[in-house]
Structures are given as structure tokens and as C-alpha cells.
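What follows is one structure encoded as C-alpha cells, with my remarks underneath.
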Amino acid sequence: MLPEVEKLLRVQHHDQRIAAIDKELAGIPILEEDVRDKFLEDEKKQNDARSDLQQTEIAIKNLELDIDTRKDSITKLKVQQYETKKNDEFTRMGEEITRYGEEITALEDKEIELMEQAEAQKAAYAKAKAEHEVSKEDVVSELEDLADLAENLKKEREEEVVKRQSHADPIDDDVLYNYERLFKGKAGHAIVGLVDDVCQGCHMKVVKSTYMEVKGEKQLTTCENCGRILYYWTDDSVGRDKGGY
């Protein structure tokens, strides 16, 4: 293999790893936001469940007040009935007592429904509260794990940059510049193998003269179709192309 090609393959291996690390680092804030969103979602569920229960409990208390008010009215009407000597007033008060009694029955039925609803809401709130507590513990743990991952990735990136530089230093500036331009423009694959007469970057056949130049390994040769730097593919080159540095 041409020495310049081997050097470039080593540089490309480290550049690809650096790019992969950068992509993973860029995804960490998104993962952190997902973790926080899940926590906020569980917190909202707990708050909503508590609010629903509180509203029902308030409604029950209001019903109890309404029932007590009507019971007081009935008590007063019965006293007035006892004191009155007029039949029509006695009858009217009796009708009022009956009406209040019917209203009390309806209110008590509604109260029973709300009390049953409150029991179900208490269970829902307890569940939401428990899930929120677990979520609170999970979010702390997950954020710590992501912070550790970011720190490890940054250290690994620094090591890759140092290794990359050590392989790039001996390469001619013009060759390195052309490689870096291709790496950015060709999705991280600036130098690729030539298998038979097919470029493994664009998967197009090269002309015979290009094939002979690559196979001869006398100078750097590029694919006339995509512009990538080519090297002649052999079983021995597989390990180097896979990044075995």
C-alpha cells in the first residue's frame, strides 16, 4: 500500500471516530431534555390527580353545607308549624318541609356519588405520587449517567485528536488539505478502496487508466466520478481500512 494512503487511512479512522463522538455528544442534551420532560410529565400527572381530588372534596363539602342548610330550614319550619294556628300556613310549611326533604335526598345521593369518585381519585393520586417519587430518583440517576457519559466521551475525543494529529503531521500539507476537504464533503469517506474496478465510495466503475494507477500504487489517485482518493483493495488492506491502528 502506498505510504501516503496508509497515513491517510489512519487519519480518516480517527476523524471518523471524532465525528461519531461529536454526534453522540450533540445528542446528550436532547436525551437530558427527554429525561426532564418525562419527569415534568409525571409531575403534571401528580398535580392533576391532586387537583381533581381537591375539587371533588370541595364539592362534597359544599353539598354537606347545602344539606345542613336545608335540615336547619326543616327544623325551623317544624317549629313554626307547631306555633301556627292557621291551617293554610301549616299546609304551606308542610309542603316546604317535603320539598326540602326531597332536595336533601337528591343531595345525599349526589354526595354518595362524589364520595365514591373521591375514593377512586385518592387511589389515582397515590399512584401518581408514587410514580413521581420513582421518576424523581430516576431522573437524578439518568442525568448523572449522561453527565458521566459526556465526560468520558470528551476525554476519548481528546485522545483521538492527539492520535489523529500524530498521524497527520507527516503528511504533505496539500495532500492533507485535499483529504480534509473530501472528508467534509463526502460524509466522512474521503479515501476508499477500489474493488476490481469499482469505487467503494460512489460504487461506479473507474476507467482502465485509473484502475492501473491505483493498482500500481505509485501515486495518489482519485476516482474520476466522485473525486475520492482510491487505494487498491486487498485482504491485507481490510484491517487498516477498518481502523486497526
How many of the residues making up segment 82-122 are more than 60 Å from the chain's Cα centre (by Cα) and part of a helix (DSSP H, G or I)? 14
From the options VAL195, VAL207, VAL161, residue that is in contact with a helix residue (DSSP H, G or I) (Cβ under 8 Å, 6 or more places away or on another chain) and of a type in the set (Val, Ile, Thr): VAL161
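Read-outs: derived from the displayed coordinates by stated rules, not from any lab. Nothing here was measured: the structure is a model prediction, and the numbers come from that model. For neighbour counting, all protein chains shown are included, and Cβ atoms are generated from backbone atoms with ideal geometry for every residue, glycine included.
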